[in-house]
Number of protein chains: 6
Amino acid sequence: MYRRKKNALEHDQVYVIETNLDDMSPEITGYLMEKLFQRGALDVFLTPIFMKKGRPATKLSVLAEPDHRETLIEAVLTETTTFGVRYYIVERSKLTRDFVDIHTRWGVVRAKRGYLGDRLVKTAPEYEDCKKLAEQHRLPLRVIYEEAIRQINT
Amino acid sequence: MYRRKKNALEHDQVYVIETNLDDMSPEITGYLMEKLFQRGALDVFLTPIFMKKGRPATKLSVLAEPDHRETLIEAVLTETTTFGVRYYIVERSKLTRDFVDIHTRWGVVRAKRGYLGDRLVKTAPEYEDCKKLAEQHRLPLRVIYEEAIRQINT
Amino acid sequence: MYRRKKNALEHDQVYVIETNLDDMSPEITGYLMEKLFQRGALDVFLTPIFMKKGRPATKLSVLAEPDHRETLIEAVLTETTTFGVRYYIVERSKLTRDFVDIHTRWGVVRAKRGYLGDRLVKTAPEYEDCKKLAEQHRLPLRVIYEEAIRQINT
Amino acid sequence: MYRRKKNALEHDQVYVIETNLDDMSPEITGYLMEKLFQRGALDVFLTPIFMKKGRPATKLSVLAEPDHRETLIEAVLTETTTFGVRYYIVERSKLTRDFVDIHTRWGVVRAKRGYLGDRLVKTAPEYEDCKKLAEQHRLPLRVIYEEAIRQINT
Amino acid sequence: MYRRKKNALEHDQVYVIETNLDDMSPEITGYLMEKLFQRGALDVFLTPIFMKKGRPATKLSVLAEPDHRETLIEAVLTETTTFGVRYYIVERSKLTRDFVDIHTRWGVVRAKRGYLGDRLVKTAPEYEDCKKLAEQHRLPLRVIYEEAIRQINT
Amino acid sequence: MYRRKKNALEHDQVYVIETNLDDMSPEITGYLMEKLFQRGALDVFLTPIFMKKGRPATKLSVLAEPDHRETLIEAVLTETTTFGVRYYIVERSKLTRDFVDIHTRWGVVRAKRGYLGDRLVKTAPEYEDCKKLAEQHRLPLRVIYEEAIRQINT
């Protein structure tokens, strides 16, 4: 396996901002996700939840760097029907990472590599690159991924 | 165990009426459930689904006897935001059933008994009765259920 | 309310094509949805399910007109990791519909109107039009929808 | 738009109390929700989760003001089958709010208004009021909401 | 790519047997899954649903060959708390398939190959084989899968 | 009811380690759960979530004692496709507990008893014991549980 001198995992802190949406059309929730990424969210995800009075609702979760917390809270309060959000800080441990090009028979795909200390533990082909090749060559996306995996390390 | 002469399982046919709700507030969905039972639905349930454009939506499912199918379809089309519903017929196999009183230290609870042919296979205390006793005696509902189970067959 | 001479609900038949995905990356599932709409799917939706061996899987459901059934089955078998799909036919009952322009202070929004017989039962502003205005005017999408609802019938 | 002099968002802290229910009938979970609101919970919601040994379980989440934390933890430990709960504190940011009456053709509906600083950002018709009118006038709930939205600001 | 003379997709018919579980502990549901596979189920899966009275319930779905339908219905009625099941027949379209051995640096993994007509469209390493190698060599399971994918076709 | 001198609830602190899996096969997620229990996780559970680009993903949650936190974070980073995890500390309040044998007509079942202070609030038959008897005597698991409940306190 590839080896590289590296120290321990990387660490930082981010906020998780959450709110329960029980009086908003899913059309607006789908749109919202996009807007929150535009305003700097690290990640946005939705969890199906069940609330009082038989309501099949959605919990919105936004991961935000400390500098973006206030902007993102304001965006949630403005774009959605909610009257309040809750938030808390969490630690993050991350693999150190770099990027590498993978040469496939259909073109180049970038891949993200992750290291635990100095040990390479994973190589992940980038979605957008695989998607582009799949569309160009009218091939199933899974075929591109499999080909990319085959060309790693060779 | 209790025995009773009975023939095979009971059979009938019901309709499953379904629609995907992706532009309606969960507040309205919760309310809808109640309305559909009032108009004769055998059962109503909601499934979290994910739709196009990132929408966290809800599939509404209504079980209806053939005679209630049209009324219930019209109710769904009127009460919700949907422009169409789909439906199909399904077979049902059911245990034959009767009811029995269970005497607990806190009062009587009705229970539904189910038979597979002439074999008693289950006895289920009725929710509404257990709930009433739990509230009267300020006891956890699970305590009432457990007590009812203890008093079955004795 | 608006009235229009119309007969009963409209009816047709469509296929529901389903498969359980338990060995495919969600990245590919998200991509697949788009591909299936391109190949003529009436609707595509995903249901979270739990399968054997602790697998948090996804049920893919595709609604297809009879003429597109074979193409869509082939697309699912090619694009995904599945080795088989199941399908069945369902009836559909639909409101008759037409379109109308709604004039808001920020521009025109098309709306779909639905009729139960000759009775107008709903008017739904089109998502893509509302989204466009929300982005042009940097307003929350829900504000555009609310304004469109206000301008219906006036 | 309405304007009002107001300072920043309102802030407070609440507890999130959680437990995973994997050995309790959903009948009891539905009943529990009601009980927890009666004992002062700010909100209660349920999340479908998947646990070990193939169990389709439910995560219970309760939002509690600091003064109600102990009472609510005790209620969860008494009413459910769980042997332990976990909890953590979260910050909340909330719009300042007031209430206003909306006059519709079918009667009065209260609405909650939310302000970001001095800017009115949303007006939400109250569910219970809309529901009451829907039932009195035998109209779809969504029709009442839409009418209420139309009468805001006029 | 591999080619093989083959006719169209394979077809058969199976039953989908379903019931909604709203009064049974998830512990029993997890156990049930195993039992139903032992009695011949083709597949068993669970869907989180939301039922009346705020119940976070589970829809059980069983795929059964026509010859196993009655046995499996009886098993569901005996093992669970339900008093009835519903079922309907569905068509299946399947890739024709064969098996091949993949030689990896850690041992042999069987793989299932699927053909659309005479075209090989996928090769899927078998889970149980990959799992065995992962445990023997104390390697992440994803590493075994990736290695297996690399050794296909070479 | 049984009484026993006991002080208040027991307290400790644990970590919740979480990551969102959107590019990993559910086959690997199911396998992972088992591995994390082997490495000391107190609990592991999976939540269906919806992520960007239409992805039906899974949130992995691991409860860990402080001493196992680093080992478990490393296990998640090694076994899964993720490049980072987040974690936070939570308080736990637990019933004090002991174990008791329940004698049923089919054999002995251990049960866990929970006390709130000196008050016995619940007695839960152990799953593995009930399962063993169900399999030995070819009885439905729910029948064993019900019998165990009947024999508590007698």
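The values are calculated or read from the model by the stated rules, or taken from the named source; none is laboratory data. What you see is a predicted model; the values in this text were computed from it and never measured. In this analysis, Cβ positions are derived from the backbone assuming ideal geometry, glycine residues included, and neighbour counts consider all displayed protein chains.
With respect to A:Tyr115, is the statement that it is in a strand (DSSP E or B), at pLDDT 95 or above and not acidic (Asp, Glu) true? It is true that A:Tyr115 is in a strand (DSSP E or B), at pLDDT 95 or above and not acidic (Asp, Glu). Of the candidates B:Glu74, B:Glu147, the single residue that is out of contact with any helix residue (DSSP H, G or I) (no Cβ under 6 Å at 6 or more places or on another chain) and buried (at least 19 other Cβ atoms within 10 Å of the Cβ) is B:Glu147. Exactly one residue out of A:Arg105, A:Arg97, A:Arg113, A:Arg119 is surrounded by fewer than 19 Cβ atoms within 10 Å (Cβ to Cβ), farther than 27 Å from A:Glu34 by Cβ, within 14 Å of chain F (Cβ to nearest Cβ) and not acidic (Asp, Glu): that is A:Arg119. Selection over segment B:25-44 of residues that are buried (at least 22 other Cβ atoms within 10 Å of the Cβ) and touching a Ser or Thr at 6+ places or on another chain (Cβ under 9 Å) gives a count of 6.
Table: residues versus (1) among the basic types (Lys, Arg); (2) touching a strand residue (DSSP E or B) at 6+ places or on another chain (Cβ under 9 Å).
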| site | (1), (2) |
| --- | --- |
| D:Thr58 | no, yes |
| D:His68 | no, yes |
| D:Leu72 | no, yes |
| D:Ala75 | no, yes |
| D:Thr82 | no, yes |
| D:Arg86 | yes, yes |
| D:Ile89 | no, yes |
| D:Val121 | no, yes |
| D:Tyr127 | no, no |
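When residues in segment D:128-154 are screened for being in contact with a Cys (Cβ under 8 Å, 6 or more places away or on another chain) and either more than 17 Å from B:Asp23 (Cα to Cα) or basic (Lys, Arg) (or both), 1 of them pass. Working only within segment D:42-71, note down all residues that are small (Gly, Ala, Ser) and out of contact with any helix residue (DSSP H, G or I) (no Cβ under 7 Å at 6 or more places or on another chain). D:Ser61, the sole residue that qualifies.
Do we have A:Tyr88 as modelled with pLDDT under 95 and surrounded by fewer than 21 Cβ atoms within 10 Å (Cβ to Cβ) here? Considered against the rule, which asks whether it is modelled with pLDDT under 95 and surrounded by fewer than 21 Cβ atoms within 10 Å (Cβ to Cβ), A:Tyr88 comes out as no.
Annotation: of all residues in segment C:32-91 being within 20 Å of the chain's Cα centre (by Cα) and polar (S, T, N, Q), the one that is farthest from the other protein chains (Cβ to nearest Cβ) is C:Thr71.
If you check E:Arg39 against the conditions, is it out of contact with any helix residue (DSSP H, G or I) (no Cβ under 9 Å at 6 or more places or on another chain), farther than 21 Å from B:Tyr127 by Cα and of a type in the set (Lys, Arg)? No: the conditions fail for E:Arg39.
Quick grid of which residues meet (1) at pLDDT 95 or above; (2) farther than 17 Å from D:Gly84 by Cβ:
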site	(1), (2)
D:Arg4	no, yes
D:His11	yes, yes
D:Leu21	yes, no
D:Ile28	yes, yes
D:Tyr31	yes, yes
D:Arg39	yes, yes
D:Asp43	yes, yes
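Remark: B:Glu128 matches the filter, which requires a residue to be under 21 Å from the mean Cα position of the chain (by Cα), surrounded by fewer than 16 Cβ atoms within 10 Å (Cβ to Cβ) and not assigned by TED's automatic domain parsing to the domain that holds B:Met24. When the residues of segment E:133-149 are filtered to those that are part of a helix (DSSP H, G or I) and touching a residue at least 12 places away in the same chain (Cβ under 8 Å), the one that is farthest from the other protein chains (Cβ to nearest Cβ) is E:Gln136. Examine segment A:6-13 for a residue that is crowded, with 22+ Cβ neighbours inside 10 Å, more than 7 Å from every other protein chain (Cβ to nearest Cβ) and of a type in the set (A, V, I, L, M, F, W, C), and state whether such a residue exists. Taking every residue of segment A:6-13 in turn, none turns out to be crowded, with 22+ Cβ neighbours inside 10 Å, more than 7 Å from every other protein chain (Cβ to nearest Cβ) and of a type in the set (A, V, I, L, M, F, W, C).
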